[in-house]
1. Under a GNM of the chain (C-alpha, springs under 10 Å), which listed residue has the highest mean-square fluctuation: SER23, SER62, SER84?
2. Only bridges whose two residues both fall in the chain count here: according to DSSP, what percent of them are antiparallel, nearest 5?
3. Tally Lys and Arg at +1 and Asp and Glu at -1 over the other residues with C-beta under 12 Å from the C-beta of ILE51: what net charge comes out?
4. Mean-square fluctuation check for the chain, GNM, Cα pairs under 10 Å: which of LEU11, LEU80, LEU20 is largest?
5. Long-range amide H contacts for GLY16: which residues qualify at under 5 Å (H placed 1.01 Å from N, peptide plane, sequence gap of 5 or more or a different chain)?
6. Considering the chain as a Gaussian network with a 10 Å cut-off on Cα pairs, which listed residue, LYS86, LYS64, LYS43, attains the greatest mean-square fluctuation?
7. Per residue of the stretch 58-64, in order, report the coupling 6.51 cos²θ - 1.76 cosθ + 1.60 (Karplus, θ = phi - 60°) as ³J(HN,Hα) in whole Hz, putting x for Gly and Pro.
8. Report in % the part of the accessible area of the stretch 1-88 that belongs to carbon and sulfur, leaving out ligands and nucleic acids; probe 1.4 Å.
Amino acid sequence: QVQLVESGGGLVQPGGFLRLSCSVSGSIFSVCAMSWYRQAPGKQRELVAVITSSGATNYPSSVKGRFTISRDIAKNTVYLQMNSLKHEDTAVYYCNADCRDNDYWGQGTQVTVSS
């Protein structure tokens, strides 16, 4: 059973930055695509970044150029660097591992962008 634990959320002012971390309980990056999703109150969960097993990354237009996903294979950790944060980035952020026939989620970490 794969376990994902997010950390790094918090309160930040508009224009600020945060780095989220997702600690993974096993060495799965070679077979799993790792993603960050977010869910704001009253809205559907949405994808904000993905890094495939081969290391390719992709982002929706809403965060492209501001968010960067990366991974440290030795530390079994995935990161989400978030810069130039906006009010609309406020949400619970979730780490996801898509491992072919299995799908794993973390518990989420709250990010609040407010002055």
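The values are calculated or read from the model by the stated rules, or taken from the named source; none is laboratory data. These figures come from a predicted structure and were not determined experimentally. Glycine also receives a Cβ, built like all others from the backbone with ideal geometry; neighbour counts cover every protein chain displayed. For the accessible areas, the whole protein counts, side chains as well, though only heavy atoms, and no ligand, DNA or RNA atoms are used. Shrake-Rupley method; radii C 1.70, N 1.55, O 1.52, S 1.80 Å.
1. Taking springs between Cα atoms under 10 Å, the residue moving most is SER62.
2. Beta bridges within the chain, antiparallel portion: roughly 90 percent.
3. The answer is -1.
4. Of LEU11, LEU80, LEU20, the Gaussian network model singles out LEU11 as fluctuating most.
5. The answer is LEU85.
6. Maximum fluctuation in the GNM of the chain, among the listed residues, is at LYS43.
7. Here the 3J(HN,Hα) series is 8, 9, x, 5, 5, 10, 4 Hz.
8. 48
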